[in-house]
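Read-outs throughout are calculated quantities, based only on the coordinates presented, and are distinct from any laboratory measurement. The structure displayed is predicted, hence computed values, not measured ones. We place every Cβ from the backbone using ideal geometry, glycine too, and count neighbours over all the protein chains shown.
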Amino acid sequence: MRYEWLLFGHLVGAFLWVAGAVAAALLRVAALRRQRPSEVAVLLRAVRPAVPLLGLGFVLAVGFGLWLADDLERELDSTWLLATYALLAWSLVVGAAAGRQDRETRELAEHLAEEGDAPSRALSRRLRDPVNLALNASLLVATAAIVALMVWQPE
Amino acid sequence: MTLDDWILGFHVLSAFALVSGMVALWTLALAAPGADVATASRVARAAVLSGSVGTLVFGAWLALTVDGYDLWDGWIAAAFVLWTVGVAAGARSSVAFRSGDRARGVALHAVSTLALVLVLADMIWKPGT
């Protein structure tokens, strides 16, 4: 019975984390297609609820995951788990950096919305910043890679 | 890895696509009401659709091929019923949102989400086994 509860907690966490990441990505892409700062601000503000979802999912997935591995007497230093730890660390560091950039973009959009709400080249440049887009894309790739590692657990 | 391992993997990946799409739709409905999110909604609905079909197809495949499982096992039959409820409620939710009835859309999406959570519990505990 304990195994089922641990697995349930781990999967709920994993689903919340992945779903939060996908939701944030979709809203970010939707914001790219908007011209008016007010519309961009609404969409980037909508990312905010996804962040605690991501955080809760991360904590549940990792916490229950380690508990499950211990309960099943799995080696915590197996190749696929080590790769997972590295991808998790990447997600945390890059997520914080990209999140800070996106917050500054949202604040710019909110400011421009109050100042007349005219389309802005500066806002458009920030939304299309290749470094920021690459960082956000790498988060999705890392998330997909973690899911694949969890499912197939290659040795 | 056996073929069944691969099929199980695709079944779980489909579930991730389904859940991701469902949560994305929640975020779009609750956190960005009134915003023009047509493209984002289309992508989220595509994830839900592909995840729904994938979980059904790969799940049925596993029920047929894995020793000890049968399509008429109680927990597998329950999963089919819950899947049907979830998909039907989700489709009606989509219609409600498109026709502007947000309250009805949210309520039906909640039913679809509940069905999804019950399927997850069903998959883990396999009641009756």
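Provide A:10, A:111 in ascending order of the number of other Cβ atoms located within 10 Å of each residue's Cβ, fewest first. Numbers along the way, then the final one.
Working: A:10 22, A:111 13.
Lowest to highest Cβ neighbour count: A:111, A:10.
On C-alpha positions alone, give me the angle between the axis of helix A:50-71 and the longest principal axis of chain A, in degrees, nearest 10.
Rounded to the nearest ten degrees, it is 10.
Per-residue ellipticity at 222 nm for the protein assembly as shown, helices alone: DSSP H runs ≥ 4 residues times -39500 (n - 2.57), over residue total, nearest 500 deg cm²/dmol? Can you show the working numbers first?
On the way: 10 runs with 234 residues, N = 284.
Rounded to the nearest 500, it is -29000 deg cm²/dmol.
Can you tell me the dipole magnitude for region A:1-148 around its Cα centre, using point charges on the Cβ only (Lys, Arg +1; Asp, Glu -1), in Debye to the nearest 20? Provide the component values of the computation, followed by the final result.
Numbers: 15 positive and 15 negative charges, 142 e Å.
Dipole size: approximately 680 debye.
To the nearest 10 degrees, how steeply does helix A:130-152 sit against the main Cα axis of chain A, on a 0 to 90 scale?
The angle comes out near 20 degrees.
Within a 10 angstrom radius of each residue's Cβ in A:35-47, how many Cβ atoms of other chains show up on average? Whole number is fine. Could you put the intermediate results ahead of the total?
Numbers: counts 0, 1, 0, 1, 4, 1, 1, 7, 7, 1, 3, 9, 3.
Across A:35-47, the average partner-chain Cβ count within 10 Å equals 3.
Give a quick list of trypsin sites (Lys or Arg not before Pro) in region B:21-129 that DSSP marks as loop, anything other than H, G, I, E or B, with at most 14 other Cβ atoms within 10 Å. Intermediate values should be presented prior to the final figure.
Values: sites: B:42, B:45, B:92, B:98, B:102, B:104; in loops: none.
Taking region B:21-129 and a limit of 14 other Cβ atoms within 10 Å, no loop trypsin sites (Lys or Arg not before Pro) are found.
Which trypsin sites (Lys or Arg not before Pro) in region A:79-155 sit in a loop by DSSP (not H, G, I, E or B) and have at most 14 other Cβ atoms within 10 Å of their own Cβ?
On the way: sites: A:100, A:103, A:106, A:121, A:125, A:126, A:128; in loops: A:128.
Taking region A:79-155 and a limit of 14 other Cβ atoms within 10 Å, the loop trypsin sites (Lys or Arg not before Pro) found are A:128.
Taking chain B on its own, what percent of its Cα-Cα pair distances exceed 18 Å?
On the way: 4440 of 8256 pairs.
Across chain B, Cα pairs with separations above 18 Å total 54 percent.
With angles folded into 0 to 90 degrees, how steeply does helix B:3-31 sit against the dominant principal axis of chain B? Use alpha carbons for both and round to 10.
With both axes taken from Cα atoms, the answer is about 20 degrees.
Within 14 Å, Cβ to Cβ, of residue B:95, how many net charges do the neighbouring residues add up to if Lys/Arg are +1 and Asp/Glu are -1?
Working: positive: B:45, B:92, B:98, B:102, B:104; negative: B:101.
In short, +4.
For region B:62-129 and region A:57-108, write down the distance between their C-alpha centroids in whole Å.
Centre-to-centre distance over Cα atoms comes out at 29 Å.
Could you go through region B:108-118 in sequence order and give the Karplus-derived ³J(HN,Hα) for each residue, using 6.51 cos²θ - 1.76 cosθ + 1.60 with θ = phi - 60°, rounded to whole Hz, and x for Gly and Pro?
My calculation for region B:108-118 gives 5, 5, 5, 4, 4, 5, 4, 4, 5, 5, 5 Hz in order.
On average, how many beta carbons from a partner chain sit within 10 Å of the beta carbon of a residue in B:8-18? Spell out each step's value before the answer.
On the way: counts 2, 6, 1, 1, 7, 5, 0, 2, 11, 4, 2.
Per-residue shielding by partner chains comes out at 4.
Where does region B:50-91 land on the Kirkwood hydrodynamic radius, alpha-carbon pairs, in angstrom?
Numbers: mean 1/r = 0.0933 Å⁻¹.
Over region B:50-91, the inverse of the mean reciprocal pair distance is 10.7 Å.
Over all Cα pairs of the protein assembly as shown, how is the pair count split among 5 Å bins, expressed in % and running from 0 up to the last occupied bin?
Percent of pairs per bin, in order: 1, 5, 11, 15, 17, 15, 13, 10, 6, 3, 2, 1, 0, 0.
Taking 7 Å along the Cα-to-C-beta vector as the label spot, tell me the residue B:3-residue A:75 distance in nanometres, rounded to one decimal.
Roughly 3.1 nm, to one decimal.
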